[in-house]
Amino acid sequence: MKCRRCKGSAVIKMPRHNTAFCDPCFQEYLLKQVAKAISSGKMFSKDAPVLVAVSGGKDSLALWDILIKLGYETVGLHLNLGIGTYSETSQKMVEKFANARGLELIFHSYQESYGLGVVQIAKESARPACSACGTMKRHHFNRIAMEKGFPVVATGHNLDDEAARLLGNLLKWQVSYLEKQSPVLSDDDGLWAKKVKPLYRLPEREIAAYTILNRIDYIVEECPMSKGAKTFTYKETLNQLEEASPGAKHQFYLGFLKQKETSFPTPPPANIENTCLSCGQPSMGDQCGYCRLIERATAVS
Ligand code: SF4
């Protein structure tokens, strides 16, 4: 198999583009896709540092690596969720990556902060684990970004993640979620750091190839709490569609984003006028969802 661009020996076949690339041409293509996502979404510039949320998985570590190669100033943020050996291994992977490159890394450990991991916090507050985990991640990403002066938080969500989320939102006709689904979430009030997903143009398969070619070590196991998650079924369905019709995921998600620009009403402003009396973060009422969750979990335990 030959690289379609330089006729060298190809390392990856890409049916969605009806092409194949050698290692250097593939990496050039991949970096260009991320650069295009950043510039077309006006995600961030080289004037301010970007806080990169790194879980220890392939997507977030690949994102960090790519942003450095593109010349952005970055600092990593790792939340240790306190999920046994899964969290221990995840943290080790992040540390290994950062130490090998001399990168700055911020840690936050749930176990050290509350004496509980996310699974126990969810159990004690009678919430599903992933719902509690999402509330806590949102809180800490924003709190740490605002406290440390980062205008932007970047996460490693890829095309497969976003297409699966879109499929889930469509199947349930969750219109308010559809309105808000975007690779760029900004806040004009300055209460929230901007949240961006620079990998949204790239499928998981291409990111996995990038980590192999760059010898990036990452945690292969999925979080144990993700067992049975619907998102895997949606991803499998989309993979079947992609197999039968290469480019289907890209058309589905990027087509949605294009339609949204013209056909969707602008989502109403969040109207968050209060700050939480406990933590000072933006909140609809006197206490934010995160503080209610922690209060309930620590009161019971
Ligand atoms: Fe959190 Fe694990 Fe659920 Fe993901 S699968 S939201 S990391 S608990």
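The values are calculated or read from the model by the stated rules, or taken from the named source; none is laboratory data. If you're wondering where the values come from, they're calculated on a predicted model, not measured in any experiment. Here Cβ is always computed from backbone atoms with ideal geometry, including for glycine, and neighbour counts include all displayed protein chains. Ligands, DNA and RNA are stripped out before the accessible areas are found, and what is left, the full protein with its side chains, is counted by its heavy atoms. Shrake-Rupley method; radii C 1.70, N 1.55, O 1.52, S 1.80 Å.
Structure data summary
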quantity	calculated
Probe 1.4 Å, accessible area per residue of region 17-137, Å²	42
Exposure rank, largest accessible area first [292, 127; 1.4 Å]	292, 127
Amide H contacts under 5 Å for residue 12, placed H, 5+ residues apart	21
Residue 28 accessible area, assembled protein chains, probe 1.4 Å, Å²	90
Rg(Cα) / (2.2 N^0.38 Å) computed for region 158-280, rounded to two decimals	1.25
Accessible area (Å², 1.4 Å probe, nearest 10) - residue 192	80
Fraction of antiparallel bridges per DSSP, the chain only, in percent to nearest 5	35
Listed residue (117, 83, 288) projecting farthest to the positive dipole end of the chain, Cβ model	83
Relative contact order [Cα under 8 Å, 6+ residues apart], the chain, whole percent	20
Residues of region 194-259: accessible area per residue with a 1.4 Å probe, Å²	56
Whole-percent carbon and sulfur share, accessible surface of region 120-274, 1.4 Å	54
Inter-part distance where region 43-101 and region 137-156 are each reduced to a Cα centre, Å	13
Hz values of 3J(HN,Hα) by residue in region 39-49 - Karplus curve (6.51, -1.76, 1.60), Gly and Pro given as x	6, 5, x, 6, 6, 6, 10, 8, 7, 9, x
Of 195, 46, 249, the one that fluctuates the most in a GNM where the chain has Cα springs shorter than 10 Å	46
Flagged links, alpha-carbon separation over 32 Å, of 148/235; 137/258; 194/258; 13/172; 92/258	148/235; 13/172; 92/258
Amide H within-cut-off set for residue 274, under 5 Å, with H built and near neighbours excluded	283
Rounded to whole Hz, the Karplus (6.51, -1.76, 1.60) HN-Hα couplings of region 161-177, x for glycine and proline	4, 6, 5, 5, 5, 5, 4, x, 5, 6, 4, 9, 6, 8, 4, 5, 6
Debye, to nearest 20: dipole size of the chain, +1 on Lys, Arg Cβ, -1 on Asp, Glu Cβ	920
Dipole moment magnitude, nearest 20 debye, region 202-243 about Cα centre, only Lys, Arg, Asp, Glu C-beta charged	120
Expected 222 nm ellipticity per residue - DSSP helices of 4 or more, -39500 (n - 2.57), all of the chain, to 500	-16000 deg cm²/dmol
Region 1-148: relative contact order in percent, alpha carbon pairs under 8 Å with at least 6 residues between	14
Dipole of the chain, positive end: most advanced residue of 225, 177, 250 [Cβ charges, Cα centre]	250
Convex hull (Cα only) mean projected area of region 79-166, reported in nm² to one decimal	7.2
Where Rh is the Kirkwood radius over Cα pairs, Rg/Rh for region 82-224	0.96
Debye log10 I(q)/I(0) for the chain, one point scatterer per Cα, at q = 0.11 Å⁻¹	-0.72
Prolate/oblate/rounded call for region 1-88, Cα gyration tensor, a/c under 1.5 rounded	oblate
